[in-house]
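Written out below as structure tokens is the structure these notes cover.
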Amino acid sequence: MFFKTRKRVLLLEDDPSMQRLVAKILGREGFRVDVFLTGRQAIAAVKSAAYDVLLLDLMMPHEGGMTVIRHFRVNDPAMLKRSILFTASPDSLIDALSGEVPTVVQKPFEPQQLIDAVRRMSQQ
């Protein structure tokens, strides 16, 4: 018997209401969403589990998405190709990272925009 494994999404997000919203939206689409509050936790999680997509909030008080990006820049650049910037950051910061991180979902976002971005990234 064949069992389809659920695609795994790592969500780095500090806002509890945003965590619940994203987990609910993506969960309905069949994704498994694991939530992390710091970049250090997210990096450790990637070392111990296989994630199809990294959804990274850039603007966090401590160890946000930039911590994760800096780590993978040096240690596993291919992992950045599975990352989505999930942010309300200024366009200039997003533009600076666009060569490394292929997809951006800007907050506030439309649910379908998030779903489409995660689907595209998970199929690579």
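The values are calculated or read from the model by the stated rules, or taken from the named source; none is laboratory data. These numbers come from a predicted model, not from an experiment. So basically every Cβ, Gly included, is an ideal-geometry build from the backbone, and we count neighbours across all protein chains shown.
Filtered by the rule that a residue be among the small types (Gly, Ala, Ser) and in contact with a strand residue (DSSP E or B) (Cβ under 8 Å, 6 or more places away or on another chain), region 27-54 gives 27, 39, 42, 45, 49, 50.
Residue-wise test of (1) modelled with pLDDT of 95 or more; (2) surrounded by fewer than 18 Cβ atoms within 10 Å (Cβ to Cβ).
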{"position": "2", "(1), (2)": "no, yes"}
{"position": "18", "(1), (2)": "yes, yes"}
{"position": "27", "(1), (2)": "yes, yes"}
{"position": "53", "(1), (2)": "yes, no"}
{"position": "70", "(1), (2)": "no, yes"}
{"position": "76", "(1), (2)": "no, yes"}
{"position": "85", "(1), (2)": "no, no"}
{"position": "98", "(1), (2)": "no, yes"}
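Mind listing whichever residues of region 1-53 are hydrophobic (A, V, I, L, M, F, W, C), in contact (Cβ under 8 Å) with a residue 60 or more places away in the chain and assigned to a loop (DSSP other than H, G, I, E, B)? The answer is 31, and nothing else. Residues of region 110-124 that are in a loop (DSSP other than H, G, I, E, B), within 15 Å of residue 53 (Cβ to Cβ) and either in contact with a Phe, Trp or Tyr (Cβ under 9 Å, 6 or more places away or on another chain) or at pLDDT 90 or above (or both): 123 alone. For region 39-48, the condition of being farther than 14 Å from residue 118 by Cα, polar (S, T, N, Q) and exposed (fewer than 12 other Cβ atoms within 10 Å of the Cβ) holds for at least one residue. Of the residues making up region 92-109, those that are of a type in the set (Gly, Ala, Ser) and not in a helix (DSSP H, G or I) are 98, 99. Going by the structure shown, is residue 104 farther than 16 Å from residue 7 by Cβ and either aliphatic (A, V, I, L, M) or surrounded by 14 or more Cβ atoms within 10 Å (Cβ to Cβ) (or both)? Here the answer is yes, as residue 104 does meet what is asked.
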